[in-house]
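The values are calculated or read from the model by the stated rules, or taken from the named source; none is laboratory data. The structure presented is a predicted model; accordingly, all values stated were derived computationally and were not measured. Cβ sites come from the backbone with ideal geometry, for glycine too, and all protein chains shown count toward neighbours.
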Amino acid sequence: MSPEARRIHALLPQTQCTRCGWPDCAGYAQAIAAGEAGINQCPPGGAEGVARLAAATGQPVQALDPAFGVEGPRSVAVIDEAWCIGCTLCLDACPTDAILGTHKRMHTVVEPHCTGCELCIPVCPVDCISLENVTGERTGWQAWSAAEAAGALSRYEFRTLRLEREAREQAERLEAKARETLAGLEALTHSATGVEAERKRSVIEAALARARERRAAKG
């Protein structure tokens, strides 16, 4: 990230809501720095957020673009535990790991960790998640603090590292399994010979190659 993008990134609310049109606040900051996005595409930051970005970039202050949403009070997600089926889709969608639960078990939201990004709402197959206004009439940066933004960013970065580590470990497990299968090919194929043996070997070798590629991609 360029110095300018880092400076812009530090001014964003870090809700990671994607409403700006980018996958996270860092992506939006980089787009602004590159001249690929306007400074008025962040509904959580609201009018004050636009003013902060205008001062930082030297651009004129402008109204929040309604195409990306409207400024409003901060909300937190609330799960109707009676309807939750434990599908875990909301856990995967939450950018700050603010939802706790396991497969086929009731989930719950850790309110202080929820940024109100709303990303869990559309993925719930039983519509058991709603939003609760927790800041009354306060909107934008009046409903969100620098400390809360820093906490949200920390949780988002930790989650990103965790997912990368889990993906890398999964790739390593798949590669090890493919190696094991290839080493014991004769027993697994019941001493098959000829074309059938070569076909099975090719399948396993291809799986091993894919596993190596995945591990290499994950660093």
All positions within the range 123-141 that are crowded, with 16+ Cβ neighbours inside 10 Å, within 22 Å of the chain's Cα centre (by Cα) and assigned to a loop (DSSP other than H, G, I, E, B): Cys124, Cys128
Filter result (buried (at least 16 other Cβ atoms within 10 Å of the Cβ) and under 30 Å from Pro125 (Cβ atoms)) within the range 31-67: Gln41, Cys42, Pro43, Pro44
Residue selected from the range 146-202 under the condition among the hydroxyl-bearing types (Ser, Thr, Tyr) and either within 22 Å of Ile8 (Cβ to Cβ) or in a helix (DSSP H, G or I) (or both), by the criterion modelled with the lowest pLDDT: Thr181
Failed item, numbered, when Gly116 is tested on (1) farther than 30 Å from Ala47 by Cα; (2) surrounded by 14 or more Cβ atoms within 10 Å (Cβ to Cβ); (3) out of contact with any helix residue (DSSP H, G or I) (no Cβ under 8 Å at 6 or more places or on another chain): (1)
Residue under evaluation Ile79, criteria (1) in contact with an Asp or Glu (Cβ under 7 Å, 6 or more places away or on another chain); (2) in the same structural domain as Thr96 (by TED's automatic domain parsing), criterion not met: (1)
Residue count, the range 152-162 (criterion: touching a Pro at 6+ places or on another chain (Cβ under 8 Å) and of a type outside the set (D, E, K, R)): 2
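Each row is one residue, and each column tells you yes or no for (1) touching a Cys at 6+ places or on another chain (Cβ under 9 Å); (2) hydrophobic (A, V, I, L, M, F, W, C).
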position	(1), (2)
Thr102	no, no
Thr108	yes, no
Ile121	yes, yes
Pro125	yes, no
Cys128	yes, yes
Ala146	no, yes
Tyr156	yes, no
Arg159	yes, no
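For every residue, the table says whether it meets (1) in a helix (DSSP H, G or I); (2) in contact (Cβ under 8 Å) with a residue 60 or more places away in the chain; (3) within 23 Å of Thr135 (Cβ to Cβ).
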residue	(1), (2), (3)
Gln59	no, no, no
Ala67	yes, no, no
Val70	no, no, yes
Val76	no, no, yes
Ala82	no, no, no
Ile85	no, no, no
Asp92	yes, no, no
Thr96	no, yes, yes
His103	no, no, no
Counted residues, the range 166-178 - those being charged (D, E, K, R), under 20 Å from Val203 (Cβ atoms) and loosely packed, with under 15 Cβ neighbours inside 10 Å: 2
